[in-house]
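No lab work stands behind these numbers, since they all come straight from the coordinates. A quick note: this is a predicted structure, and the numbers were derived from the prediction, not measured. Here the Cβ positions follow ideal geometry from the backbone for every residue, glycine too, while neighbour counts run over all protein chains shown.
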Amino acid sequence: MDIKSLSPSTGLREPSMLTLTPHKKIIHSKNHARRRTQPSDQISVGIIGISGYGRVMLKSLQTAARSEGLRLVAATVINQAEEKAVCDPLRESGCALFPDYQSMLKAHGDTLDLCVIPTSIHLHKDMSLHALDGGCHVLVEKPLAGSVADANKIVQASQQSGRFVTVGFQDMFSPATHSIKEFLLSGALGQILSIRASGSWPRGQSYYSRNNWAGRLTCDGMDVFDSPLNNAFAHFLNLALYFAAPSLHDMARVAKTAGHLYRFYPIESYDTANVHLLTGEGVIIDGLFTHVDTTKIDPTLCIEGTSGRLIWAHEKESVAYDSQGNELRRWTLDAEEGSRQHMIREVLTFLQGGNRPHFGAESALAHVEAVQKIRTDLEIEEVIHKPLRDGKMRAEWAPVDGLFQQLVDVSNSRSVVG
């Protein structure tokens, strides 16, 4: 299937007739959500895991603690001997350490305002449900869950418990992101026709062997769908879904898919994606991402409208142009840690009685649905044992120099790239 077959003019039902997974619009409302107050009036926080990405989130929380009125009171660390250099200062600060999250929530669940879950994808559902059941609000790393079924369980538990679940798509909390969306909705670029999201971040054997779920479709019987679209580049697919939506607080839903999923490395999932998505409103989203090229190409989004375009460059800037190429507006984008601090600040403001975070589990469902639909609709194409153009066989973990550009050149071809 090529991109032309995604055009609404080829018989795809009108958006109003599409059967899409229902989602709840995020409404900005006052919700004085704190159920308890520390003597120092600080927000009490627990974190599950301090290794891997957990280390990044721990440092972000510690940074926020210096100015944002939070106190880290509990942490789950399953490898305390290995993490002694981190655990000792935590103990000295008064943070209680636990070997598993169940014991942490049992001991502190009734005193925690927020449970932070920067863990493996397949663990998000169970950990979030336990935290919500214990009365905590939740900040869980992206994606929300490994499957739509698991994500829906989190959404339902959040609604039933009255506790909020925030998902760690930190770019969604950047003021620049909101400003760009308002600019798009103003009609300055006319009708939005398409969004192209692309990037190349080299990842090799060490990346895929760092844990028991990297590059896997399932782990311990639970869905993971680990892939560029569900992990490293998930932020940019999610942003495309946000920018393609017709209102400020909505996410676009994917109605139809085409394209290719490639497996170059000896993994279970795919490491390269060249996909074409059609939203319910008729916006085409192209996603071209790989971990196999030798060259790092930071992600960009190119938003095409009937009257101009907008180029978004990761951690750099975003610039809008009219149809004649004249600059209309420019935004400076936050670095990753800056966006993460915006996210933490928004969650803490809510817990102190402010507005609900504008991006929660209901919104994050759109990304989970898109990833699952892509995986369901498209087969993974095995290319790890195909010969290179010079006839030589490529080693299992050998990167492919120039792959990103090859994918651009043959984006809708069934030809084997490499």
Check your understanding: What is the local net charge at Ala370, summed over the other residues whose Cβ is closer than 12 Å to its Cβ (Lys, Arg +1; Asp, Glu -1)?
Key -> +2
Check your understanding: Once amide H atoms are built 1.01 Å from N in the peptide plane, which residues 5 or more positions from Ile297, or in another chain, come under 5 Å H to H?
Key -> Ser200, Trp201
Revision key, fill the gap. Rounded to the nearest 500, the 222 nm mean residue ellipticity computed for the chain from DSSP H runs (n ≥ 4, each -39500 (n - 2.57)) alone is -8500 deg cm²/dmol
**Study point:** Table column - 3J(HN,Hα) (Hz), region 45-56, Karplus curve with 6.51, -1.76, 1.60, x for Gly and Pro
**Key:** 10, x, 10, 9, x, 10, 9, x, 5, x, 5, 4
Study note, to complete from the structure: Computed about the Cα centre, the charge dipole of the chain from +1 Lys/Arg and -1 Asp/Glu charges at the Cβ has a magnitude in debye, to the nearest 20, of 560
**Study point:** Option label - log10 I(q)/I(0) by the Debye sum over Cα atoms at q = 0.07, 0.08 Å⁻¹ computed here, alternatives (i) -0.40, -0.51; (ii) -0.34, -0.44; (iii) -0.54, -0.63
**Key:** (ii)
Practice item. With a Förster radius of 22 Å, plug the Cβ-Cβ distance of Thr218 and Val56 into 1/(1 + (r/R0)^6) and report the FRET value to the nearest 0.05. Key: 0.30
Review point. Each residue of region 97-108 in turn: what ³J(HN,Hα) in whole Hz from Karplus with 6.51, -1.76, 1.60 and θ = phi - 60°, glycine and Pro shown as x?
Key: 10, 9, x, 8, 6, 4, 5, 5, 5, 5, 7, 10
**Study point:** Helix 148-161 axis, angle to the chain major axis (alpha carbon atoms, nearest 10°)
**Key:** 30
Review point. How high is the FRET efficiency from Asp401 to Lys84, r the C-beta distance, R0 30 Å, rounded to 0.05?
Key: 0.15
Review point. Relative contact order (percent) for the chain, with alpha-carbon contacts under 8 angstrom and 6 or more residues of separation?
Key: 20
Check your understanding: Long-range amide H contacts for Ala255: which residues qualify at under 5 Å (H placed 1.01 Å from N, peptide plane, sequence gap of 5 or more or a different chain)?
Key -> Leu278, Thr279, Gly280
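Quickly rank 89-95, 199-205 as a protection proxy: mean count of other C-beta atoms within 10 Å, highest first.
199-205, 89-95
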Review point. Fully extended, how many nm does the chain gain between Val408 and Ala335 (0.36 nm per residue separation, minus their Cα-Cα distance)?
Key: 23.6 nm
Review point. Based on the Cα coordinates of region 43-171, what is the per residue volume of their convex hull in Å³?
Key: 100
Review point. Farthest toward the dipole's positive end in the chain, which of Val167, Ser269, Pro202, given Cβ charges of +1 (Lys, Arg) and -1 (Asp, Glu) about the Cα centre?
Key: Val167
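In the structure shown, do any of Lys84/Lys316; Lys59/Lys181; Lys316/Lys373; Lys59/Lys142; Lys125/Lys316; Lys153/Lys373 have a Cα-Cα gap over 27 Å, and if so which?
From Lys84/Lys316; Lys59/Lys181; Lys316/Lys373; Lys59/Lys142; Lys125/Lys316; Lys153/Lys373, over 27 Å: Lys84/Lys316; Lys59/Lys181; Lys316/Lys373; Lys125/Lys316.
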Review point. Can you give the angle from 0 to 90° between the axis of helix 234-244 and the longest principal axis of the chain, with both taken from C-alpha atoms, to the nearest 10?
Key: 70
Practice item. Could you tally the net charge around Thr306, taking each other residue with its Cβ under 15 Å from the Cβ of Thr306, Lys/Arg +1 and Asp/Glu -1? Key: -2
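Going highest first, how would you order 120-131, 299-310 by mean Cβ packing within 10 Å?
120-131, 299-310
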Review point. Can you list the HN-Hα couplings for region 306-318, worked out from phi with the Karplus curve (6.51, -1.76, 1.60; θ = phi - 60°), rounded to whole Hz and with x for Gly and Pro?
Key: 5, 10, x, 9, 10, 10, 10, 10, 3, 6, 10, 7, 10
